[in-house]
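Participant: I'd like to ask some things about the structure below.
The values are calculated or read from the model by the stated rules, or taken from the named source; none is laboratory data. This structure is a prediction, so every number in the text was calculated from the model and none was measured. Please note: Cβ atoms are built from the backbone with ideal geometry, for glycine as well, and neighbour counts cover all protein chains shown.
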Amino acid sequence: MKHIGLALRYVFIVAMAVITLFPFVYMLSGSLMTYQESTSIPPTLVPAHAQWGNFAEAMRQAPFARYFVNTVLVAGASTLGTMVTTVLAGFALTCLDFRFKKALMACLVALLMVPYEIVVFTNYSTIADLGLLDTYPALTLPSLASVFYIFYLTQYLTAVPRTYYNAAKVQGCGDLEFIWRIMLPMCRPALFTMGLLLFIGGWNNFLWPILVTNTTDMRLISNGLSAFASESGTAVQLQMAASAITIIPILILYAIFHKHIIEGVAQNGIKG
Amino acid sequence: MSAATTSPAKTAKVSTATKVSTATRRGPFSYSAERQPRAWLFLAPALFFIALFNVWPLIRIFVMAFQTNSLRRPKFAGADNFAFVVADPEFHTAIANTAVFAVVVVPMGMVISMAIALTLNGRMKGGRFFEALFFIPYLTSVIAIGIVFRYLLNGDYGVLNFLLGKVGIGPFDFLNDPRLNMAALLIFGVWSCLAFNIIIMLSGLRSINRNYYKVADMYGATGWQQLRRITLPQMIPMLTFLAIVNFINSFKVYTEVYALFNGKAGIGNSATTAVFYIFNKFYVDHKYGQGMAAGVLLFLLILAFTLLENALLKKLSK
């Protein structure tokens, strides 16, 4: 009886895992099919000969290399920028005392409730007012600070006793030196997870780049991919190849750092 | 240094108890509240961007919602935009679809995720491995996966229709039949929401005190009884949190629709959602005022749910 129960559990989990993974596997398999194979009935599961040329063809039809570079630059700059502003703010909120600190914290908590999907439109108006549409600053500026990650970091830092700061102060250690030499090493795991999640978020960002970019050259990978999907019509195998190009870097990151990523999300209930 | 004026010996003699306690807690070399205004210097970069891209846009939504649709020379429009949006049949469709999405995807997603999380949490080999697998959809581009789903759901050569044909149903033209567009979106929605739920549920299940189960085992409680009497009651705060986070996210569904229907909201906007409505008003029709009026309504709806979440969680954690 116990064995049957255990077997059923495995059957269930494996079935659900297949449902979860099938789109990814099929994407990779489809990216290597000929057009005939990709649209055959019954569906082809594994191509007879791997058509690696599909990747070259997709890259030829749309500037995915350019999208790739854009995305790395923008996601990288946003990640770095957010980390700097967040560390500085986190330091001030945990180590220093100042007037209106409680009020400021309350305001920040309230800002957490503001949905990104709504302010993104008025942010577009702001960027348009600044004359920055279709530029790298437009893509990067709005994601250089994050209320969410300020809380993420301060929560982590409150575990670091204030006495460390006071002791460092007594020894004549400046604020920036304290941040660099004591605070950063102490919160390295939190910063690392934060960096990973920020970068992945930036990589997958879609609504913002589609609003503020007009020209092909400024697209990020997600909106480049969605444009390619409508331009390439029925060339399913090329669409699969392009989707794979978009996803594989993140899958590689995940394969290496899955522990950090899962822990980071599980601890903080991030959704975004 | 001003800190020197409050030496420990002196403060200990000060009669006001509060002064003593703060001074001793912080130590003689710390600075008192008003003396570290340089904190603002460290906060400045973050606050600058937060003010410009979180606070200002929020204010602006409310301003634009009461203005005419012109960006250059907006005039005060009173509640005209709201009147238009509330009477707009397309907005009704958007809200109805958003509600259907929330009502179908959230419970289905929660039940399936819970079943997976409970199974993985048991004494199962490779639990961590499967956990890592189930989490993949959370990290991958919705657009890329949406393109794959369009392929899977294709009415002519899609795998799903092939499988359904095997059991004698269909074929369904999920993408080109407006009556089936929502069904396609719901399938995609349920599939996408599992990853996050499973991870959060597993971390909740792992935080339940093992001793409860040991005692229950000792008294011969069955697995089912343990689930009902220990696991579920312990998980209620977390499940409430998840349910509401899921609901709020359902109100914000947008990219899934865009990906699945190639930049449209289904055939004849049949699968439009609240955010898609705002996007179309704002970006396609350039009806900024109307778009933002819809934005205000959606914002208030989400705010109500967020406040409800906080109130519920406070009550449950007592």
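Conditions (1) at pLDDT below 90; (2) within 11 Å of chain A (Cβ to nearest Cβ), marked per residue:
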| site | (1), (2) |
| --- | --- |
| B:Gly263 | yes, yes |
| B:Gly268 | yes, no |
| B:Val284 | yes, no |
| B:Leu297 | no, yes |
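Participant: Closer than 24 Å to B:Gly155 by Cα, out of contact with any Phe, Trp or Tyr (no Cβ under 9 Å at 6 or more places or on another chain) and part of a loop (DSSP other than H, G, I, E, B), is that true of A:Pro42? Quick ask: steps written out before the conclusion?
Facilitator: Values: closer than 24 Å to B:Gly155 by Cα: yes; out of contact with any Phe, Trp or Tyr (no Cβ under 9 Å at 6 or more places or on another chain): no; part of a loop (DSSP other than H, G, I, E, B): yes.
Here the answer is no, as A:Pro42 does not meet what is asked.
Participant: Can you find a residue that is more than 26 Å from B:Ile136 (Cα to Cα) and crowded, with 19+ Cβ neighbours inside 10 Å anywhere in the stretch A:43-65?
Facilitator: Yes, the stretch A:43-65 has at least one match.
Participant: Scan the stretch A:198-210 and report the pairs whose first residue is more than 7 Å from chain B (Cβ to nearest Cβ) and whose second residue is charged (D, E, K, R), with Cβ atoms within less than 6 Å and a gap of 6+ or a chain change.
Facilitator: Cβ pairs passing all conditions: none.
Residue-wise test of (1) more than 10 Å from chain B (Cβ to nearest Cβ); (2) modelled with pLDDT under 90; (3) part of a helix (DSSP H, G or I).
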site	(1), (2), (3)
A:Thr234	no, yes, no
A:Ala242	no, no, yes
A:Tyr254	no, no, yes
A:His258	no, no, yes
A:Glu263	no, yes, yes
A:Gly272	no, yes, no
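Participant: Still on this structure: Determine, yes or no, whether B:Lys281 is crowded, with 19+ Cβ neighbours inside 10 Å, under 30 Å from B:Pro74 (Cα atoms) and either of a type in the set (Lys, Arg) or without any contact (Cβ under 8 Å) to a residue 12 or more places away in the chain (or both).
Facilitator: Numbers: crowded, with 19+ Cβ neighbours inside 10 Å: yes; under 30 Å from B:Pro74 (Cα atoms): yes; either of a type in the set (Lys, Arg) or without any contact (Cβ under 8 Å) to a residue 12 or more places away in the chain (or both): yes.
Against the criterion (crowded, with 19+ Cβ neighbours inside 10 Å, under 30 Å from B:Pro74 (Cα atoms) and either of a type in the set (Lys, Arg) or without any contact (Cβ under 8 Å) to a residue 12 or more places away in the chain (or both)), B:Lys281 qualifies.
Participant: Right, another one. State which residue is surrounded by the fewest Cβ atoms within 10 Å (Cβ to Cβ) when the search covers only the stretch B:128-179 and only residues that are of a type in the set (Ser, Thr, Tyr) and over 26 Å from the mean Cα position of the chain (by Cα). Walk me through it before giving the result.
Facilitator: Filtering the stretch B:128-179 down to residues of a type in the set (Ser, Thr, Tyr) leaves B:138, B:140-141, B:151, B:157.
Remaining after also requiring over 26 Å from the mean Cα position of the chain (by Cα): B:151, B:157.
Numbers: B:Tyr151: 25, B:Tyr157: 17.
Result: B:Tyr157.
Participant: A follow-up question, please. Name the pairs whose Cβ atoms lie under 9 Å apart, with the first residue in the stretch B:289-307 and assigned by TED's automatic domain parsing to the domain that holds B:Val253, the second surrounded by fewer than 19 Cβ atoms within 10 Å (Cβ to Cβ) and of a type in the set (Asp, Glu), and 6 or more positions between them or separate chains?
Facilitator: What qualifies is B:Gly289/B:Asp80; B:Gln290/B:Asp80; B:Gln290/B:Asp88; B:Gly291/B:Asp285; B:Ala293/B:Asp80; B:Ala294/B:Asp88.
Participant: Under the condition of being more than 7 Å from chain A (Cβ to nearest Cβ) and part of a helix (DSSP H, G or I), which residue from the stretch B:32-51 is nearest to A:Leu104 (Cα to Cα)?
Facilitator: Checking each candidate, the answer is B:Leu47.
Participant: Which members of the stretch B:240-254 meet the condition of being buried (at least 18 other Cβ atoms within 10 Å of the Cβ), within 13 Å of B:Ile198 (Cα to Cα) and hydrophobic (A, V, I, L, M, F, W, C)?
Facilitator: Listed by number, the list holds a single entry, B:Leu242.
Participant: Scanning for something outside any loop (DSSP other than H, G, I, E, B), under 32 Å from the mean Cα position of the chain (by Cα), in contact (Cβ under 8 Å) with a residue 24 or more places away in the chain and at the interface with another protein chain (Cβ under 10 Å from one of its Cβ atoms), does the stretch A:31-39 turn up at least one residue?
Facilitator: The answer is yes, given that some residue of the stretch A:31-39 is outside any loop (DSSP other than H, G, I, E, B), under 32 Å from the mean Cα position of the chain (by Cα), in contact (Cβ under 8 Å) with a residue 24 or more places away in the chain and at the interface with another protein chain (Cβ under 10 Å from one of its Cβ atoms).
Participant: Looking at B:Ala102, B:Ala87, B:Ala79, which is the one that is touching a residue at least 24 places away in the same chain (Cβ under 8 Å) and over 16 Å from B:His286 (Cα atoms)? Before you say what the answer is, go through the steps one by one.
Facilitator: Details: B:Ala87 fails: touching a residue at least 24 places away in the same chain (Cβ under 8 Å); B:Ala79 fails: touching a residue at least 24 places away in the same chain (Cβ under 8 Å).
Sole residue among the options that is touching a residue at least 24 places away in the same chain (Cβ under 8 Å) and over 16 Å from B:His286 (Cα atoms): B:Ala102.
Participant: When the stretch B:115-157 is examined, which residues are found to be within 7 Å of chain A (Cβ to nearest Cβ), in contact (Cβ under 8 Å) with a residue 40 or more places away in the chain and over 30 Å from A:Ala242 (Cα atoms)?
Facilitator: Passing the criteria: B:Ile116, B:Leu120.
Participant: Pick out, from the stretch A:61-155, the helices (runs of 4 or more DSSP H) lying fully within it that include 2 or more residues that are more than 10 Å from chain B (Cβ to nearest Cβ).
Facilitator: Values: elements: A:64-95, A:101-112, A:116-129, A:136-140.
Once the helices (runs of 4 or more DSSP H) in the stretch A:61-155 are filtered for at least 2 residues that are more than 10 Å from chain B (Cβ to nearest Cβ), what remains is A:64-95, A:101-112, A:136-140.
Let's see how each residue does on (1) out of contact with any Gly (no Cβ under 8 Å at 6 or more places or on another chain); (2) of a type in the set (Val, Ile, Thr):
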| position | (1), (2) |
| --- | --- |
| A:Thr213 | yes, yes |
| A:Thr216 | no, yes |
| A:Asn223 | yes, no |
| A:Phe228 | yes, no |
| A:Ser232 | yes, no |
| A:Ala235 | yes, no |
| A:Met240 | no, no |
| A:Ala244 | yes, no |
| A:Ile248 | yes, yes |
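Participant: Is it the case that some residue within the stretch A:104-116 is in contact (Cβ under 8 Å) with a residue 60 or more places away in the chain and either within 15 Å of A:Phe148 (Cα to Cα) or within 17 Å of the chain's Cα centre (by Cα) (or both)?
Facilitator: First, pick out the residues of the stretch A:104-116 that are in contact (Cβ under 8 Å) with a residue 60 or more places away in the chain: A:116.
Within this subset, residues satisfying the condition of being either within 15 Å of A:Phe148 (Cα to Cα) or within 17 Å of the chain's Cα centre (by Cα) (or both) are A:116.
Looking for residues that are in contact (Cβ under 8 Å) with a residue 60 or more places away in the chain and either within 15 Å of A:Phe148 (Cα to Cα) or within 17 Å of the chain's Cα centre (by Cα) (or both), one finds at least one in the stretch A:104-116, hence yes.
Participant: Another question, if that's okay. Could you tell me how many of the residues in the stretch A:203-258 are farther than 23 Å from A:Leu141 by Cβ and of a type in the set (Phe, Trp, Tyr)?
Facilitator: The qualifying residues number 3.
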